[in-house]
1. Would you please list the contacts, defined by Cβ atoms under 8 Å and residues six or more apart or on different chains, that run from a residue in the range 75-94 that is aliphatic (A, V, I, L, M) to a residue that is surrounded by fewer than 16 Cβ atoms within 10 Å (Cβ to Cβ) and assigned to a helix (DSSP H, G or I)?
2. Hey, any hits in the range 75-92 for a residue that's over 12 Å from Phe37 (Cα atoms), assigned to a helix (DSSP H, G or I), modelled with pLDDT of 95 or more and among the hydroxyl-bearing types (Ser, Thr, Tyr)?
3. Residues that are in contact with a Pro (Cβ under 8 Å, 6 or more places away or on another chain) and farther than 30 Å from Thr30 by Cβ, at least 3 per element: which helices (runs of 4 or more DSSP H) completely within the range 93-203 meet that?
4. Just the residues that are part of a loop (DSSP other than H, G, I, E, B), open to solvent by 10 Å² or more (accessible area, probe 1.4 Å) and either farther than 25 Å from Ala270 by Cα or at pLDDT 95 or above (or both), please, taken from the range 48-74.
5. Could you list, in sequence order, all residues of the range 97-145 that are out of contact with any helix residue (DSSP H, G or I) (no Cβ under 6 Å at 6 or more places or on another chain), within 16 Å of Trp48 (Cα to Cα) and of a type outside the set (Gly, Ala, Ser)?
6. So His259 passes all but one of these: (1) on the phi > 0 side of the Ramachandran plot; (2) surrounded by 13 or more Cβ atoms within 10 Å (Cβ to Cβ). Which condition number does it fail?
7. Based on what the data block shows, is Thr26 over 30 Å from Thr173 (Cβ atoms) and either out of contact with any helix residue (DSSP H, G or I) (no Cβ under 8 Å at 6 or more places or on another chain) or modelled with pLDDT of 95 or more (or both)?
Amino acid sequence: MKKLALFIFAFFISRYAISQNAVRFTQVSTKGDPIIFLPHIGCSSEMWKEIAAHFQKTNAVYLADFAGFNGETPIKADFTENYVNAIRQFIKKNNLKHIVLVGQNYGGFVAVKTASDKSLKFKAIIASDFYPNLSMVLSPNITSEQLEQMKAGIRKGTLEMEAEAFAATQKQTAEMMNFTKKEDVARFVQWQAKSDRNTLAETLCEQFGTDLRPVLKDNKIPMLVFTTWFFAKTYKNMPISEADKKLKEMYGETPNLTHAITEDARDFMANDQPEWFITELDKFLKNLKVGK
């Protein structure tokens, strides 16, 4: 029994240590309610630089960098779980309250999972290019078998691709899907090249394999989601009037939810249209204060 107790103790201590090393936090400012910025898969917190600079005048701003992304030392397993636990531990350790979590795509995914801890005091969740069930974007009726095949393809493609081909693929993705500015594309490719391939593959698989709609069904936290209609307009000739219907399908009956929609930016809306992004976010947060 004594050996079992020691084993259990060592197990939880090791898990705590992994969580502690899973996220590196950089504090940019100290004044006001805290805002924590979370990056997308394989990205640096630098992606939030322009938005963070605006809020550091009024808020305590923290930038989060995830293990395995952009040269950060990787962890071995349970990536999302450890990122979430590390953020929660950081919040508790620093006694943060009235917290705003801001995340791009996977960062939004981590933000929603983090905010599901009702013992913490969250003011708002801000998610850009985020969908509660990412697999629905590819196929609304995807089966579990198809999902597993897709994960296998992600792992194989990410891990086995040669460096030059990988960089070319990331550049193509960034140009077509993520950014309109060449300098943003170049930075993204560099971040991905410096990231741990296994971490890239497994975090994407974890996101594709998780449906957060049950978590959001009873959402009590005000939530703002930024969505681009650029691709629907450009490639499917769908008017923006169709957006509400599509988002309703994606989010179901999620309460306390506000949408900000643009037709003129690719997925990284905060980088493509920073002024619009800041204006919408400022308006949303101001309305929260008025509502109190």
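The values are calculated or read from the model by the stated rules, or taken from the named source; none is laboratory data. What you see is a predicted model; the values in this text were computed from it and never measured. Positions of Cβ are backbone-derived with ideal geometry, glycine not excepted, and every protein chain shown enters the neighbour counts. Side chains are part of the model used for accessible areas, which takes the heavy atoms of the whole protein and leaves out ligands, DNA and RNA. Shrake-Rupley method; radii C 1.70, N 1.55, O 1.52, S 1.80 Å.
1. Matching pairs, first to second residue: Ile75/Asn21; Ala86/Gln20; Ala86/Asn21.
2. First, pick out the residues of the range 75-92 that are over 12 Å from Phe37 (Cα atoms): 75-86, 88-92.
Subsequent filtering for residues that are assigned to a helix (DSSP H, G or I) retains 79-86, 88-92.
Retained after the next criterion (residues that are modelled with pLDDT of 95 or more): 79-86, 88-92.
Among the residues that remain, those that are also among the hydroxyl-bearing types (Ser, Thr, Tyr) are: 80, 83.
For the range 75-92, residues over 12 Å from Phe37 (Cα atoms), assigned to a helix (DSSP H, G or I), modelled with pLDDT of 95 or more and among the hydroxyl-bearing types (Ser, Thr, Tyr): present.
3. Because the criterion is at least 3 residues that are in contact with a Pro (Cβ under 8 Å, 6 or more places away or on another chain) and farther than 30 Å from Thr30 by Cβ, no helices (runs of 4 or more DSSP H) in the range 93-203 meet it.
4. Within the range 48-74, Gln56, Thr58, Asn59, Asn70, Gly71, Glu72, Thr73, Pro74 qualify.
5. Val100, Val102, Gln104, Asn105, Ile126, Asp129, listed by residue number.
6. Unmet condition: (1).
7. Values: over 30 Å from Thr173 (Cβ atoms): no; either out of contact with any helix residue (DSSP H, G or I) (no Cβ under 8 Å at 6 or more places or on another chain) or modelled with pLDDT of 95 or more (or both): yes.
No; evaluated as a whole, the condition is false for this residue.
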